[in-house]
Amino acid sequence: MASSHLKRIVAPKTWPILRKTTKFVTRPKPNGQSLERTLPVVVIMRELLAMVQTAQQAKTILRTVPVTVNGKRIYDTDSAVGFMDLLVINGNAFRVMITTGNTLSVIPAKDQIILQKIVGKTSVAKGKTQINCSSGRTLIVTKDEYKTGDSIALTQNKITAHYPLGKGACVLLTGGSHIGKVGHVDEIDGQMITITAEGQSFTTAKRHAYVVGTQKPAIALT
């Protein structure tokens, strides 16, 4: 079983934390995303939002006011909040993002949209399809109109919008040398994709493209 803590000095470089304050930092529970793309809620509350000074204060808030991740109530300080997850603390919404410096950030999310990338699909009983999302969430749909690489917007566990990965789609790059940039798809050729971002056209791996809208982002990215 993995330890409930990490040494700060060896915590993922994507974590925007001080390395030489205390020896250890909380390890988040597994949530379907990699450790590099996940933060424990206590770190967000204490070190990024400065809402509390201690883990005990964070624990008190978690037990006394509604705190949710993607609509699900959480109670533990090691609850995980991953990339693109929607964290709501007593009505105030935040989203975990990735910067051009390949570090995680937490930004206000006034739209409160849960935007998920489809990372896989599986056929299940009665002709239905299971959609596997980037956050680890799964959904069962009766109409298979979604493709791996597309994104969907969710409200109360129901799909409210569909953003296909195709020419013209607005995407956020989550890996490669252009990580954190936002642009539009020019062309898809097999597992490679050509993007125009900030007036520059370049090719990168298709897996790095996270669709965030059509002509413009459907959510706030900064």
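The values are calculated or read from the model by the stated rules, or taken from the named source; none is laboratory data. Every value quoted in this text rests on a predicted model; they were computed, and no experiment measured them. Here the Cβ is made from the backbone with ideal geometry for all residues, glycine too, and neighbour counts use every protein chain on show.
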- Item | Every pair of residues 6+ apart whose Cβ atoms lie under 8 Å, when the first sits in the stretch 15-27 and is in the same structural domain as THR54 (by TED's automatic domain parsing) while the second is among the charged types (D, E, K, R) and assigned to a loop (DSSP other than H, G, I, E, B) | THR26/ASP78; ARG27/ASP78
- Item | Residue selected from the stretch 18-34 under the condition under 22 Å from ILE89 (Cα atoms) and under 18 Å from the mean Cα position of the chain (by Cα), by the criterion surrounded by the fewest Cβ atoms within 10 Å (Cβ to Cβ) | PRO30
- Name the residues in the stretch 195-210 that are buried (at least 16 other Cβ atoms within 10 Å of the Cβ) and either hydroxyl-bearing (Ser, Thr, Tyr) or in the same structural domain as THR103 (by TED's automatic domain parsing) (or both), would you? THR204, TYR210
- Query: From the list LEU165, LEU154, which residue is part of a strand (DSSP E or B), crowded, with 18+ Cβ neighbours inside 10 Å and touching a residue at least 40 places away in the same chain (Cβ under 8 Å)?
  - Reply: LEU154
- Considering every residue within the stretch 94-107, establish whether at least one is surrounded by fewer than 18 Cβ atoms within 10 Å (Cβ to Cβ), farther than 16 Å from GLY32 by Cα and among the basic types (Lys, Arg). no
- Query: For LEU87, are the conditions met, namely being in contact (Cβ under 8 Å) with a residue 24 or more places away in the chain, buried (at least 16 other Cβ atoms within 10 Å of the Cβ) and more than 20 Å from TRP15 (Cα to Cα)?
  - Reply: no
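The rows are residues; the columns are (1) assigned to a strand (DSSP E or B); (2) within 26 Å of LYS158 (Cα to Cα); (3) among the polar types (S, T, N, Q).
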site	(1), (2), (3)
PRO12	no, no, no
LYS59	no, no, no
VAL96	yes, yes, no
VAL106	yes, yes, no
LYS110	no, yes, no
- Query: Within the set of pairs 6 or more residues apart or between chains, which connect a residue that is under 19 Å from ASN157 (Cα atoms) and surrounded by fewer than 18 Cβ atoms within 10 Å (Cβ to Cβ) inside the stretch 122-135 to a residue that is of a type in the set (Phe, Trp, Tyr) and modelled with pLDDT of 90 or more with Cβ atoms less than 8 Å apart?
  - Reply: THR129/TYR146
- Message: Looking at the stretch 64-90 only, could you name the residues that are of a type in the set (Gly, Ala, Ser) and either within 17 Å of LEU221 (Cβ to Cβ) or at pLDDT 95 or above (or both)?
- Response: SER79, ALA80, GLY82
- So which residues in the stretch 43-72 are more than 17 Å from the chain's Cα centre (by Cα) and basic (Lys, Arg), if there are any at all? ARG46, LYS59, ARG63
- Restricting to the stretch 61-82, what's the tally of residues that are assigned to a loop (DSSP other than H, G, I, E, B) and in contact with a helix residue (DSSP H, G or I) (Cβ under 9 Å, 6 or more places away or on another chain)? 6
